[in-house]
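The next block holds one structure in the form of structure tokens; read it before the comments.
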Amino acid sequence: MFQVLKKTVNKLINAGAENLPDEEKKNVRIINTLSLFTGCLAIGIGTLLYSLTHFLGILIPANLEGISFLLLVYFNHKHFYKTARIGVLVIFCITAIYFDTILGQNINLALMCVFLFCLTLLVYTTPGERIMGISVTIVSLFFMELNFYNKLFTPYDLSAANQFFLRWVALACFLSFNAIVIVYYVKDRKLWYDKLKSYSESLEDLVIKLKQANQSKRVYLRETNHEIRTPLNAILGIAQLLETKIAALSEKNPELHEIAELVNDLNSSGIFAKNIVNNVLELSRIESGQKENIHLIPFSLSNWLHELIQMHHYLAQSQKVTLVLNFDEHNLPEKINTDKIKITQIITNLLSNAIKFSPKGGNVTINVWRKEKDLVISINDEGKGISTEQQQVIFDPFVSGGNGFIEGTGLGLYISRQLTILLNGSLEVDSQMGKGSTFTVRFSNMFSNVSLEKTKQPPQLLKSLKDKKVLVIEDDSMSRMVLNKYFKAAGCQLFEAVNGEEGLIKARSERPDFILLDTQMPVMDGRETLKNIRQDVHLRDIPVIITSADSFAESRDEMLKAGATDFVAKPVEFQALHRALSRVIL
């Protein structure tokens with residue numbers, strides 16, 4: 001019997017809730033539970049009070065209230081959800097006003113309003129329904145309080161025993177109503193807590209997987225970067241050697257001019273490829289969210305600009321583009337104070353793009369001036385221009401254009417803007433179709449702690465390498481071959497080793513003027529080799545230049561902190577290497 005009753009009650013509570021979303025199903029179950037409980041309670045208590053008072057003014061309204069509540073279960077069963085949702089509040093308010101009027105303070109029905117407020121917030125989800133529910137409840141409370149103070153209606157006179165009984169029955173009913181709402185509220189919160197916990201656990205698992213994927217990507221990029229840079233080092237090195245050789249022979253043999261142009265193209269393509277690899281690595285660092293350190297150093301603005309022009313000589317020459325530098329030296333200090341590596345990467349990306357998209361025979365103009373306390377650099381090309389639509393997305397990653405000769409990855413401008421922001425600057429574009437493009441970068445606070453007075457400071461001179469003893473510790477045979485030919489052409493006495501252990505033996509026996517050291521080698525790698533060099537009393541003062549395909553910033557910083565004199569990333573540009581060596585030659 002109990003099981004049948006339980007099954008029947010459960011069926012009535014779930015009437016109309018089938019196939020509904022969880023939130024709507026919950027609301028239907030709450031309304032059905034309250035309606036079923038209140039309907040039965042109203043009929044039962046109304047009949048009991050009638051037997052005590054013989055007052056039809058209690059029996060008839062109580063039974064009508066009970067039938068009305070039970071009808072709400074039927075409405076939900078027939079899918080009239082809105083009618084049932086609004087009806088439950090309206091019936092409660094009407095019956096509360098009625099019984100408060102006829103019973104007065106024998107039963108404090110104003111306490112019902114607390115329950116009705118909670119019911120409104122639990123059942124109604126839309127702002128309109130909640131405003132309606134709260135408004136109806138407030139109006140009901142106002143009318144009951146108005147009747148209490150002004151005695152608009154005379155309450156039915158009950159005996160002391162009936163008053164006592166009615167008061168405790170009403171209190172039990174109020175507690176029951178609130179208990180039902182609280183139970184559903186707790187269930188609702190628990191449901192949301194379980195969902196949130198499950199979501200949080202899923203999110204934590206996802207974060208762990210993303211971290212693992214990001215770490216795997218960085219390892220992959222690191223290894224791929226090394227694998228790409230090593231052969232690229234040979235390609236670019238051979239191209240530079242060919243360029244030097246052909247330049248010497250072309251004066252006597254004009255037929256070599258055509259070959260010289262091909263070598264220039266090969267050289268510039270190698271530099272483009274190196275820039276692409278650098279940008280991919282920089283994008284990986286940005287995406288990883290690693291905090292980037294800024295290394296502020298003062299350096300000569302004029303020398304730096306001329307070095308940049310020289311670095312892009314091959315690219316401009318291969319594209320038949322002329323580089324024009326307009327430098328307002330009268331209004332600029334000799335030195336600026338910033339992160340030289342990052343600002344070089346910014347201008348390199350902008351200058352490479354300008355050369356890439358300029359027509360043959362065109363000009364790329366670099367204007368440098370001071371505006372108030374800011375350093376401004378603009379790079380103008382004479383290309384086809386950028387449409388207004390493309391200007392809106394030009395600084396997004398992987399947005400690129402082609403010039404028919406070399407395609408890009410679309411990372412240069414995105415990375416340039418990120419680095420510019422890091423250096424407290426801004427990067428903007430101004431372009432018209434058919435009239436070229438101008439990219440303007442503006443840096444703040446680069447003149448801090450730097451004298452604005454001009455000092456005569458000649459550009460760094462490349463010192464002669466003749467008769468210098470060089471030890472190259474490098475396991476890659478192609479890289480050794482390229483460096484061998486370069487140093488021998490420079491008049492150096494060259495010694496080679498294929499790993500760190502062999503390199504230490506030769507360093508101790510030959511006492512070179514400087515050492516070129518790779519980082520990834522068998523037997524003994526570059527890190528261990530450098531540590532042994534700096535700990536050896538006879539070798540510790542020898543300059544060590546790291547030439548590595550591992551160009552990650554952390555690797556560079558690690559080697560410099562371990563005692564390396566300088567770091568030249570592969571593929572090695574001979575001029576950059578010569579400048580590094582010139583800084584350590586006495």
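Potential lengthening of the chain between ILE134 and HIS295 amounts to 51.8 nm, from the contour at 0.36 nm per residue minus the alpha-carbon distance.
Taking amide hydrogens as placed 1.01 Å from N in the peptide plane, the amide H of VAL472 sits under 5 Å from those of PHE495, GLU496, ALA497, LEU516, each at least 5 positions away in sequence or on another chain. Note on the chain: with charges restricted to the Cβ of Lys and Arg (+1) and Asp and Glu (-1), its dipole about the Cα centre is near 1100 debye.
Close amide H contacts of PHE567 (hydrogens built in the peptide plane, cut-off under 5 Å, sequence separation of 5 or more or a different chain): ILE546. Applying Stokes-Einstein at 37 °C and 0.692 mPa s to the Kirkwood radius of segment 83-177, computed over alpha-carbon pairs, gives a translational diffusion coefficient of 234 µm² s⁻¹. Label separation (LEU206 vs HIS313): 5.4 nm, computed from points 7 Å beyond Cα along the C-beta direction.
Farthest towards the positive end of the charge dipole of the chain, among the residues ILE246, VAL114, ALA489, is the Cα of VAL114, using unit charges on the Cβ of Lys, Arg, Asp and Glu. Stretched out straight at 0.36 nm per residue, the stretch from ASN10 to GLU558 would grow longer than its current Cα-Cα span by 190.3 nm.
Which entries in LYS384/LYS570; LYS245/LYS570; LYS25/LYS209; LYS320/LYS469; LYS360/LYS485 show an alpha-carbon gap greater than 27 Å? Beyond 27 Å between Cα atoms: LYS384/LYS570; LYS25/LYS209; LYS320/LYS469; LYS360/LYS485.
Taken about its Cα centre, segment 23-152 carries a charge dipole of roughly 300 debye when the Cβ of each Lys and Arg holds +1 and the Cβ of each Asp and Glu holds -1. Here the spin labels are modelled as points 7 Å beyond Cα on the Cα-Cβ line, and at ILE259 and GLN3 they lie 10.0 nm apart. In the chain, helical runs assigned H by DSSP with n ≥ 4 each contribute -39500 (n - 2.57); averaged across all residues and rounded to the nearest 500, the mean residue ellipticity at 222 nm is -20500 deg cm²/dmol.
Only one item in (i) 87, 28, 23; (ii) 43, 30, 20; (iii) 43, 34, 20 matches semi-axes √(5λ) of the Cα gyration tensor in Å derived from the coordinates shown, and that item is (i). Taking every alpha-carbon pair under 8 Å whose residues sit at least 6 apart, segment 487-586 reaches a relative contact order of 22 percent. What number comes out for the charge environment of CYS93, summing +1 per Lys or Arg and -1 per Asp or Glu over other residues with Cβ under 12 Å away? Result for the neighbourhood of CYS93: -2.
Take every Cα pair under 8 Å whose residues are at least 6 apart in sequence, average their separation, divide by the length of the chain, and the relative contact order is 9 percent.
Which of rounded, prolate, oblate describes segment 486-586, given a ≥ b ≥ c as roots of the alpha-carbon gyration tensor eigenvalues and a/c under 1.5 marking rounded, otherwise prolate only if a/b is larger than b/c?
rounded
If you take the charge dipole of the chain about its Cα centre, with +1 on Lys and Arg Cβ and -1 on Asp and Glu Cβ, which of ILE58, LEU36, TYR185 is farthest toward its positive end? Sorting the options by dipole projection puts first ILE58. Distance from the Cα centroid of segment 15-44 to that of segment 57-74 is 16 Å (rounded to whole angstrom).
Full extension from THR125 to ILE67: what is 0.36 nm times the residue separation minus their Cα-Cα distance, to one decimal in nm?
Gain on extension, THR125 to ILE67, equals 18.2 nm.
Laboratory data are not the source of any read-out in this text; all were calculated from the coordinates shown. Computed from a predicted model, the values in this text were never measured in an experiment. Cβ coordinates were reconstructed from backbone atoms using ideal geometry, including for glycine residues, and neighbour counts include every protein chain displayed.
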